[in-house]
Amino acid sequence: MTKTRLFIIRHGKTMFNTIGRAQGWSDTPLTAEGERGIHELGIGLRESGLEFVKAFSSDSGRTIQTMGIVLEEL
């Protein structure tokens, strides 16, 4: 039987996160710090040797941006 692993990744830090405001459906882009953190995550995932077959994201800009950065690093 093939083992399947599921990774759930939260979006990177946004402006609303820095001021402690809940975002909900409001959509703010990642901060520079958030982008750096997600680049580091992507690099770590690549270096771990894991193979990713599929990636999914919600339709919010911050999660699409996060997924794009992770996929760039893989």
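The values are calculated or read from the model by the stated rules, or taken from the named source; none is laboratory data. Not measured: the values here are computed from a predicted model. Note that each Cβ is placed from the backbone with ideal geometry, even for glycine, and that neighbours are counted across all protein chains shown.
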Q: Considering every residue within the stretch 17-24, establish whether at least one is modelled with pLDDT of 90 or more and of a type outside the set (Lys, Arg).
A: no
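Please work out if Asp27 is of a type in the set (Asp, Glu) and touching a Gly at 6+ places or on another chain (Cβ under 8 Å). Don't jump to the end; show me each part of the working.
Details: of a type in the set (Asp, Glu): yes; touching a Gly at 6+ places or on another chain (Cβ under 8 Å): yes.
So Asp27 passes the test.
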Q: Please specify each residue of the stretch 46-70 satisfying the condition of being modelled with pLDDT of 95 or more and of a type in the set (A, V, I, L, M).
A: Ile64, Met67, Ile69, Val70
Q) Wholly within the chain, which helices (runs of 4 or more DSSP H) include no fewer than the required count, namely at least 1 residues that are touching a residue at least 40 places away in the same chain (Cβ under 8 Å) and surrounded by 11 or more Cβ atoms within 10 Å (Cβ to Cβ)? A) 61-73
